[in-house]
1. Measuring from a point 7 Å past the Cα of residue A:18 along Cα-to-C-beta, which residues in the range A:51-86 have an amide N at less than 20 Å?
2. Under 5 Å between amide H atoms, partner at least 5 residues away or on a different chain: which partners does residue B:71 have, H built in plane at 1.01 Å?
3. Once phi is turned into θ = phi - 60°, what whole-Hz ³J(HN,Hα) does the Karplus curve with 6.51, -1.76 and 1.60 give for every residue of the range B:101-117, x standing for Gly and Pro?
4. Work out the charge dipole of chain A with +1 on the Cβ of Lys and Arg and -1 on the Cβ of Asp and Glu about the Cα centre, then indicate which of A:70, A:46, A:187 is farthest towards its positive end.
5. With +1 on each Lys and Arg Cβ and -1 on each Asp and Glu Cβ, and nothing else charged, work out how big the dipole of the range B:86-228 is about its Cα centre, in Debye to the nearest 20.
6. What dipole magnitude, in Debye to the nearest 20, does the range B:18-81 give about its Cα centre under +1 on Lys/Arg Cβ and -1 on Asp/Glu Cβ?
7. May I ask you to derive the FRET efficiency for residue A:200 and residue B:216 from their Cβ-Cβ distance with R0 = 30 Å, giving the value to the nearest 0.05?
8. Counting GluC sites (Glu not before Pro) as exposed when in a DSSP loop with at most 12 other beta carbons within 10 Å, what is the longest stretch of chain A free of them?
There are 2 protein chains.
Amino acid sequence: MTETKEKKSTKGPFKRGAGVGHVYQTLHREIIELKIAPGSPIDELQLAARFSMSRTPIREALVRLAAEGLITTLPNRATIVSNIDFLNLSQFFDALTLMYRVTTRLAAANHVPADLKEINHWKDLYAQAVESRDVFEMIATNREFHLAIAKAGRNRYYVELFTRLLDEGRRILRLYYQSYNDEIPHLYVDEHEKMVQAIIDRDLVLCDRFAADHADQIVRQIQSYISADTRINSALPLG
Amino acid sequence: MTETKEKKSTKGPFKRGAGVGHVYQTLHREIIELKIAPGSPIDELQLAARFSMSRTPIREALVRLAAEGLITTLPNRATIVSNIDFLNLSQFFDALTLMYRVTTRLAAANHVPADLKEINHWKDLYAQAVESRDVFEMIATNREFHLAIAKAGRNRYYVELFTRLLDEGRRILRLYYQSYNDEIPHLYVDEHEKMVQAIIDRDLVLCDRFAADHADQIVRQIQSYISADTRINSALPLG
DNA sequence: ACACAATAATCTGTCGACAATTAAAATACA
DNA sequence: TGTATTTTAATTGTCGACAGATTATTGTGT
């Protein structure tokens, strides 16, 4: 046999228990990228057919997503993609700002050379996305950039919370990207540059200030998007 | 029929989908309270027999616990209760301290009268537990006290992270309660009193300082427990 | 024509069983 | 006797099917 294990058959393309992870990751991305709109019902049978597997592993993936708050299960009724609760956005902004500050500070304190390589990698990709005016790529690379900083800070609790917050932020930005303005992203490129330099210099105070400023920028941007939004009732929960 | 719905039979004491929640809560508590030791294997068949239900709802509860990090699933092999990783305790201390400070500050800013009632309730219960020298009750009520403060702060992201951290702390304290000293708890009673007063006065600065001090106390306490621990290899992961 | 009740359809929650995989036990061999 | 190899056992991951519950549909009465 030239190939020991690639696909055990045409039906089951995943080996033993890898399917759940695949379903989880796929749905996660589709929810974050608003491929599935908030409030949309999730049909287990449909997913089972789509991924060509039983409902059982599908449900396990859904339970994971529910634990993360990405989907909401109405008991005995449909499970839906969680709505973005615009009524409590201040909680989100507050936590996001704090995590920006804390993770950047910790990165300055704890980073090793390998971390800088990763951070610079995403910093460059973000600048590149700005150059080519690819809005979705900007949103995605910006997330990875700040997540790389968080990982350099070496605190799994912060990394976990920050990941959730950045993902939530991606959903909101996607929802309002229509009014995206390409002045702001260039500003972000500069701010990213300054943050990285402060991390390299291990200047905690400067990191904290840059991170706070950066967070304020993003919060203001999101707020301006929302207030500039013209769609009627776009912010109302569907349920 | 005098009773419309209580138990549909002697076998299934829970109605439609309430079983998973029960299993989750029960296992959660048993893990937190160290009824099940870290590293212990979790047998699905055994749990299914114990709760007299199929493996399917058991597995869903386990997936939830795994998402929370309380259990670890080795693929195709046993799932075990997660070990406390003593190598990265500083991450835990750092995050715990930050959450103490942030939640107490927010409580000062956002609390309403009903919150104070809840906070005072648990403050009194803690003091009472100290009086009766019930160590486990101290640990439990202390958690509820600080969680009540966090809830008064009205930020679900912080409440969620803080909950996880406090639970992790409970596991560690349980592991080392043998050397519990009843001088410290009295100090905590005073500190709790001062924190509540600062919250009532809406004094953010004072809240921050008291919370930071309180966190430092607890961190020092845990650290002293660990260094005073005489058991050989008690801090080593089993795997 | 509208409100209400009965019925049907659809989807979730649960179950028992089978397949795949790994750990343990038994056997063979040096 | 100790080590490698096969066999057995136990346990996880997956499946198809059934039962309970909710929503949509149809039917009935005023």
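Just so you know, all these numbers are worked out from the coordinates, no wet-lab data involved. Note that the structure is a prediction, hence the values are computed from the model and not measured. Cβ atoms come from the backbone with ideal geometry, glycine included; neighbour counts cover every protein chain shown.
1. A:51-62, by backbone N distance to the label point.
2. B:66, B:82
3. Karplus-based 3J(HN,Hα) across the range B:101-117 equals 5, 4, 5, 5, 4, 5, 4, 4, 7, 10, 5, 10, x, 4, 4, 4, 4 Hz.
4. Farthest towards the positive pole: A:46.
5. Numbers: 17 positive and 21 negative charges, 99 e Å.
For the range B:86-228, the charge dipole is close to 480 debye.
6. Values: 7 positive and 6 negative charges, 17 e Å.
So the dipole magnitude of the range B:18-81 works out to roughly 80 debye.
7. On the way: r = 30 Å, r/R0 = 1.01.
That pair, residue A:200 with residue B:216, gives E of 0.50.
8. Working: sites that count: A:3, A:6, A:183.
Counting only loop sites that pass the neighbour cut-off, the longest clear stretch is A:7-182.
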